[in-house]
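Here's the structure we're looking at; comments come further down.
The values are calculated or read from the model by the stated rules, or taken from the named source; none is laboratory data. Small disclaimer: the values here were computed from a predicted structure and weren't measured. Because the Cβ atoms are built from the backbone with ideal geometry, glycine has one as well, and the counts that use them run over all protein chains shown.
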Amino acid sequence: MRGFRTLIVNTLVALLPVAAEVLRFLEVFDWHLYLEPRDALWAMLIVGGLNIFLRRITRTPIGGDA
């Protein structure tokens, strides 16, 4: 599982804005009330950069055993 944790986190981060837009379209949750679109872009950029950094310092190959 160690080699897949970074991929799982990155996948969830990538799907979060898609899920937010689907929920807004379905009028279930309007994320614009809590986070401005410009702020959301910065948040995704920061999280993506942190994930790249964490992947870079990880010793376990993607999908590999510990």
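A few remarks follow.
- Considering the range 25-43, the residues that are in a helix (DSSP H, G or I) and at pLDDT below 80 include one that is farthest from Arg5 (Cα to Cα), namely His32.
- Within the range 14-66, tally of residues that are of a type in the set (Ser, Thr, Tyr) and surrounded by 12 or more Cβ atoms within 10 Å (Cβ to Cβ): 2
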